[in-house]
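This report refers to the structure that appears directly beneath it.
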Amino acid sequence: MRQVRICKSERVRESLGEASGQGAWELISTKGVDELHLIVQAGNEKFGAGSHWIETREVADFREEPDNDIWDLIRLSMQAWLDGAIDRHTTYFTPEAVFISPDGTCFRGSHDIAFAFSKEAERLPSRSMEIQAFQISYLSSAAAVVMMQGQISHGNSFGPQRWVSTQTVKNTDRGWLIASHQVFHRD
């Protein structure tokens with residue numbers, strides 16, 4: 001199944017105060033391609049050449065509504081981390097999961113991931129996070145990529161900072177679990 005979306009450059013996104021420079025993925029049949037090209041043309045005329053473009057993709061298993069089970073997994077995992085409940089947080093990961101920390105360090109397996117999140121929790125006391133953009137892209141009926149953006153505040157920051165996260169989740173005999181997680185934010 002084919003989907004399309006309109007994207008904006010980082011410069012345009014920031015000037016408009018938007019959290020994401022990408023529109024929502026839509027089935028190609030829901031908007032005429034000619035209409036999308038007119039929108040991109042108008043955006044490029046107003047903000048400069050290359051400021052807007054169209055992306056397309058093929059999707060193996062598309063769902064109109066986000067999967068509540070995946071949303072619950074991400075929400076519960078994030079809440080456990082915010083609560084400092086590292087053992088509870090790591091139960092939402094597969095045993096062989098991979099975590100890539102904000103500094104680019106790669107941690108593999110439950111034990112190493114628990115260690116990494118414990119260190120992150122120490123570095124970021126009094127954490128709070130706000131999700132501003134959330135998107136699920138299904139790779140198959142048993143795997144999906146979750147992309148999020150938002151704001152993070154903590155005891156060592158001078159105010160909210162932008163964070164982005166990409167997680168690969170898979171449907172297991174225990175339900176949906178996180179197989180990989182990469183996060184970026186500034187300290």
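Observations, loosely collected:
- Shape category assigned to the range 75-121 from the gyration tensor of Cα positions, a/c cut at 1.5: oblate
- Nonlocal amide H pairs with A143, under 5 Å, H built at 1.01 Å: N171
- 3J(HN,Hα) couplings calculated from phi for the range 132-144 with the Karplus curve 6.51 cos²θ - 1.76 cosθ + 1.60 (θ = phi - 60°) are, in sequence order, 10, 8, 9, 9, 10, 10, 7, 8, 6, 6, 10, 8, 8 Hz; Gly and Pro show x.
- Taking 7 Å steps out from each Cα toward its Cβ at H111 and E14 produces label points 4.4 nm apart.
- Neighbours of S110, meaning other residues whose beta-carbon lies under 11 angstrom from its beta-carbon, give a summed charge of -2 when Lys and Arg score +1 and Asp and Glu score -1.
- Seen through its C-alpha gyration tensor, with square-root eigenvalues sorted a ≥ b ≥ c, the range 93-187 comes out oblate because a/c lies at 1.5 or above while a/b is not bigger than b/c.
- Residue-by-residue Karplus 3J(HN,Hα) for the range 77-86, coefficients 6.51, -1.76, 1.60, Hz, glycine and proline x: 4, 5, 5, 4, 5, 4, 6, x, 8, 4
- Value of relative contact order over the range 68-185, rounded to a whole percent, pairs C-alpha under 8 Å and six or more apart: 24
- Counting 0.36 nm for each residue step from I54 to S153 and taking away their Cα separation leaves a gain of 32.3 nm.
- Eligible aspartates and glutamates near K46 by straight Cα distance, threshold 16 Å, same-chain separation 8 or greater: E10, E14
- Scanning residues 5 or more positions from W163 or on other chains, those with amide H under 5 Å from its amide H are G150, Q151, I152, with H placed 1.01 Å from N in the peptide plane.
- Amide hydrogen neighbours beyond the local backbone of S180, cut-off 5 Å, H modeled: V98, T168
- Converting phi to 3J(HN,Hα) with the Karplus coefficients 6.51, -1.76 and 1.60 and the offset θ = phi - 60°, the range 49-58 yields 4, x, 7, 10, 7, 10, 10, 10, 7, 9 Hz in sequence order, with x at every glycine or proline.
Read-outs throughout are calculated quantities, based only on the coordinates presented, and are distinct from any laboratory measurement. The shown structure was predicted, so the numbers you read here are calculated from the model rather than taken from an experiment. Note that we place each Cβ from the backbone using ideal geometry, even for glycine, and neighbour counts take in every protein chain shown.
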